[in-house]
Amino acid sequence: MIEIEKVNFRYLNSKKSILQDFSLNISKGEIVGIIGPTGSGKSTICYLFNGLIPHTIKGIFTGSTIIDGKNTADTSVEEMSEKVGYILQEPSFQIASPHVESEITFGMENLGLSIEEMDEKLNNIIQKLNISHLRYRQTANLSEGEKQKVILASILTMEPKILVLDESSSMVDTTSKINLMKTLKELNQQEQKTIVIIDHDLDFISQIATRILLINDGKIIADSTPNNILTDIKLLRENGLIPATIPSLFYELKESNLPVSRIPTSSDEATKILAEWLS
Ligand SMILES: Nc1ncnc2c1ncn2[C@@H]1O[C@H](COP(=O)(O)OP(=O)(O)OP(=O)(O)O)[C@@H](O)[C@H]1O
Ligand SMILES: [Mg+2]
């Protein structure tokens with residue numbers, strides 16, 4: 001679904017290439033978490049997916065990015081956005097319309113659909129995301145979590161096969177985060193959406209990703225299962241990341257020479273280990 005082959009990219013006003021011979025393949029239906037310290041190149045990698053690099057963000061680019069069979073170098077960002085839905089960190093920056101309904105239909109209007117088709121899609125998405133209470137509201141009065149849902153609704157009307165979320169859980173409260181996670185899981189399971197999530201919050205990533213990439217200095221430092229990466233506390237700390245709560249607690253217990261057989265990533269697993277311990 002995503003095939004990045006030997007990409008080199010240097011921002012126009014930068015002395016050094018952030019990506020050097022960067023290659024990455026992501027298959028349909030994967031939920032890939034991208035983690036790494038500030039400035040490591042996570043967003044730059046995602047700018048490749050919808051062709052922002054090389055079309056909008058200028059720099060020196062070589063190599064190829066093929067998304068769902070289309071080479072982004074030969075495809076406009078507009079056309080790519082029908083394949084790749086991009087949700088940014090700050091919902092307010094992405095809202096373009098004063099009313100929720102027009103915000104949701106905004107993307108569809110450029111697709112040349114009939115009024116009936118647009119109406120049907122609008123109703124379906126509102127139902128799917130459970131946001132009928134927001135339908136007639138003004139976008140300016142929505143909470144950050146509500147704005148995020150409306151943006152997601154707007155993106156989903158275009159039926160993209162890929163969803164990219166760049167630090168999008170950081171501006172919303174815990175309840176909205178849990179809701180977002182539930183919705184993404186459903187979209188993945190019911191519609192086989194391929195999902196890429198960049199997030200500093202490893203607790204959030206650990207609950208949703210099926211694969212994690214650890215990025216530093218524009219390179220893939222580790223590419224493995226969430227379990228392998230989230231329990232490698234040393235690797236995470238070496239790369240400037242704050243480990244998720246449960247694995248880091250068990251790591252500390254192990255470091256204090258307590259008989260911890262393995263490091264869990266979920267509360268269920270942790271409970272099991274504690275029960276074994278106490279029995
Ligand atoms: N428009 C730009 N012009 C020049 N350099 C840039 C530009 N955008 C990013 N960079 C540089 O490229 C490198 C990678 O930045 P990028 O935004 O991809 O990192 P990131 O991992 O997403 O960071 P963060 O966690 O802070 O969002 C950084 O050194 C950054 O300063
Ligand atoms: Mg970023």
query = Against the longest alpha carbon principal axis of the chain, how many degrees, from 0 to 90 and to the nearest 10, is the axis of helix 174-191 turned?
reply = 70
request  = Hey, can you grab everything whose amide H is under 5 Å from the amide H of Val164? Only 5+ residues off in sequence or another chain; H modelled, so Pro and N-termini drop out.
outcome  = Gly85, Tyr86, Ile87, Val196
ask   = Roughly what % antiparallel, to the nearest 5, for the DSSP beta bridges in the chain?
value = 55
message = Rounded to the nearest angstrom and ordered from largest down, what semi-axes does the equivalent ellipsoid of the stretch 207-274 get from its C-alpha gyration tensor (root of 5λ)?
response = 23, 14, 8
message = Helix 245-255 against the longest principal axis of the chain: what's the angle in degrees, Cα atoms only, rounded to the nearest 10?
response = 20
note = Sorted by chain and then number, the residues having a modelled amide H within less than 5 Å of the amide H of Arg211, at least 5 places away or on another chain, are Ile31, Gly33
inquiry  = Explain nothing, just compute: Karplus ³J(HN,Hα) = 6.51 cos²θ - 1.76 cosθ + 1.60, θ = phi - 60°, for every residue of the stretch 13-25 in order, whole Hz, x for Gly and Pro.
reply    = 9, 10, 7, 10, 6, 7, 10, 10, 6, 7, 10, 7, 10
request  = State the three equivalent ellipsoid semi-axes of the chain, derived from the C-alpha gyration tensor as the square roots of 5 times its eigenvalues, in descending order and whole Å.
outcome  = 34, 26, 15
task = For Lys6, Lys185, write out the residues from largest to smallest accessible area, computed with a 1.4 angstrom probe and no ligands counted.
result = Lys6, Lys185
inquiry  = Sorting check: for 33-46, 67-80, which peptide has the highest mean count of neighbouring beta carbons within 10 Å, and how do the rest follow?
reply    = 33-46, 67-80
message = If I fit a long axis through the Cα atoms of helix 100-109 and take the longest principal axis of the Cα atoms of the chain, what angle between them do I get, 0 to 90°, rounded to 10?
response = 70
request  = Could you tally the net charge around Phe93, taking each other residue with its Cβ under 14 Å from the Cβ of Phe93, Lys/Arg +1 and Asp/Glu -1?
outcome  = -4
inquiry  = Can you tell me what share of the DSSP beta bridges in the stretch 134-248 is antiparallel? A percent to the nearest 5 is fine.
reply    = 50
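The values are calculated or read from the model by the stated rules, or taken from the named source; none is laboratory data. Please read all numbers here as calculations on a predicted model, not as lab measurements. Quick reminder, even Gly has a Cβ in these numbers, built from the backbone with ideal geometry, and neighbours come from all protein chains shown. Accessible surface areas use protein heavy atoms only, side chains included; no ligands, DNA or RNA. Shrake-Rupley method; radii C 1.70, N 1.55, O 1.52, S 1.80 Å.
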